[in-house]
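J.: What follows is a single structure, and I will ask about it in a moment.
The values are calculated or read from the model by the stated rules, or taken from the named source; none is laboratory data. Computed from a predicted structure; not experimentally measured. Every residue, glycine among them, receives a Cβ derived from its backbone with ideal geometry; neighbour counts consider all protein chains shown. Note: accessible area is taken over every heavy atom of the protein model, side chains too, but ligands, DNA and RNA are not part of it. Shrake-Rupley method; radii C 1.70, N 1.55, O 1.52, S 1.80 Å.
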Amino acid sequence: TLKSTPLSDSMTRKNLKHAALNLLKKTMLYKHVYHPYAAARVATLQRRRHERLIGEGRALLHDFARCCTEGQIPYWLEFGTLLGAWRDAAFIQNDEDIDIGARLEDAARLYQALTKNGFQLVREFHVVGENGLEQTYEYHGLTVDIMYFYEQDGLSWCNGVELPETCNKLVKAQVTAHWFRPFTLSTMNFLDLELSIPANTEEHLIEIFGEGYRVYDPDFPGDLNKRYYPVAEKQAIGYRTC
């Protein structure tokens, strides 16, 4: 007979939990009571995180930029944070965290500079067999996502992940990628802070969001230069805290 192990017991419990959840989703109780409650709870948490970003995001950017300046580590505002700074001179609607770009070769130095100054690494994913890396740091209740860029095939790339709903500490995830024309860095004043941005900001934003980025679109379908890799082709492995 096969002996039970802590790992097999854990997998059995997980499978039973998923089966129970799938059954629950088919019930009227789930559709009309639990699901609306869960959706409202998520919306409330998202609103609170956005309000916290509005109130304390400047302080995070100030301290993050100081760490990079002191360590002589290049960084730049990226994705939604760059969009808000450039278009709105504010954080964009419904945003909950700060997006930063950095060079892959600076990841170790950036980790040392940030953790020495109170930032806590709470999520990290590596693309299996490749150089892709994404990290999330927490600082006074706010989070900053760092996308690490590398050069390949004449373009500048960064990887991200699509996470499963389950909140495990060790997770395999689907890999995503963004690609850009190579760029240098410039600076801009945002929230009375002098911060780094891609020098070709207009072109950079169009690559992500398209020409329509200049007008807020609540129904924006997703980043235009974002590629999703089949799990059989690429996977990322890493951890996140719950």
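J.: Testing GLU96 on (1) part of a helix (DSSP H, G or I); (2) modelled with pLDDT under 95, one condition comes back false. Which one is that?
T.: (1)
J.: Could you grab me the full set of residues in segment 146-171 that are of a type in the set (Val, Ile, Thr), surrounded by 16 or more Cβ atoms within 10 Å (Cβ to Cβ) and farther than 18 Å from GLY101 by Cβ?
T.: Passing the criteria: only VAL171.
J.: For segment 195-230, how many residues are open to solvent by less than 80 Å² (accessible area, probe 1.4 Å) and either in contact with a Pro (Cβ under 6 Å, 6 or more places away or on another chain) or not in a helix (DSSP H, G or I) (or both)?
T.: Counting residues in segment 195-230 that are open to solvent by less than 80 Å² (accessible area, probe 1.4 Å) and either in contact with a Pro (Cβ under 6 Å, 6 or more places away or on another chain) or not in a helix (DSSP H, G or I) (or both) gives 16.
J.: For a quick check of your reading of the model, give me the residue pairs whose first member lies in segment 127-145 and is farther than 20 Å from LEU77 by Cα, whose second is open to solvent by less than 20 Å² (accessible area, probe 1.4 Å), with beta-carbon atoms closer than 6 Å and at least 6 apart or on different chains.
T.: Every condition considered, the pairs that remain are VAL127/ASN159; VAL127/VAL175; VAL127/ALA236.
J.: Output the number of residues of segment 108-126 satisfying the condition of being crowded, with 17+ Cβ neighbours inside 10 Å and touching a helix residue (DSSP H, G or I) at 6+ places or on another chain (Cβ under 8 Å).
T.: Selection size over segment 108-126: 4.
J.: Tell me which of these GLU138 doesn't satisfy, since it passes every other one: (1) at pLDDT 95 or above; (2) within 26 Å of THR184 (Cα to Cα); (3) out of contact with any helix residue (DSSP H, G or I) (no Cβ under 6 Å at 6 or more places or on another chain).
T.: Answer for GLU138: the failing condition is (2).
J.: Answer yes if at least one residue in segment 119-131 is in a helix (DSSP H, G or I) and either among the charged types (D, E, K, R) or modelled with pLDDT under 95 (or both), and no otherwise.
T.: No, there is no match, as no residue in segment 119-131 is in a helix (DSSP H, G or I) and either among the charged types (D, E, K, R) or modelled with pLDDT under 95 (or both).
J.: What's the total number of residues in segment 172-194 that are modelled with pLDDT under 95 and open to solvent by 10 Å² or more (accessible area, probe 1.4 Å)?
T.: 2
J.: Suppose we filter SER10, SER4 for residues that are outside any helix (DSSP H, G or I) and either of a type in the set (S, T, N, Q) or modelled with pLDDT under 90 (or both); which single one remains?
T.: The match here is SER4.
J.: Give me the residue from segment 69-80 that is touching a residue at least 40 places away in the same chain (Cβ under 8 Å), in a loop (DSSP other than H, G, I, E, B) and of a type outside the set (A, V, I, L, M) and, out of that set, surrounded by the most Cβ atoms within 10 Å (Cβ to Cβ). It would help to see each step written out before you state the result.
T.: Of the residues in segment 69-80, the ones touching a residue at least 40 places away in the same chain (Cβ under 8 Å) are 70-71, 73-79.
Right, trim to in a loop (DSSP other than H, G, I, E, B) and you get 73-74, 78.
From what is left, the residues that are of a type outside the set (A, V, I, L, M) are 74, 78.
Details: PRO74: 14, GLU78: 24.
Only one residue fits best here, namely GLU78.
J.: Follow-up question, since we're still on this one. Looking at LEU53, LEU83, which is the one that is surrounded by 16 or more Cβ atoms within 10 Å (Cβ to Cβ) and in contact with a helix residue (DSSP H, G or I) (Cβ under 8 Å, 6 or more places away or on another chain)?
T.: Going through LEU53, LEU83 in turn, just one is surrounded by 16 or more Cβ atoms within 10 Å (Cβ to Cβ) and in contact with a helix residue (DSSP H, G or I) (Cβ under 8 Å, 6 or more places away or on another chain): LEU83.
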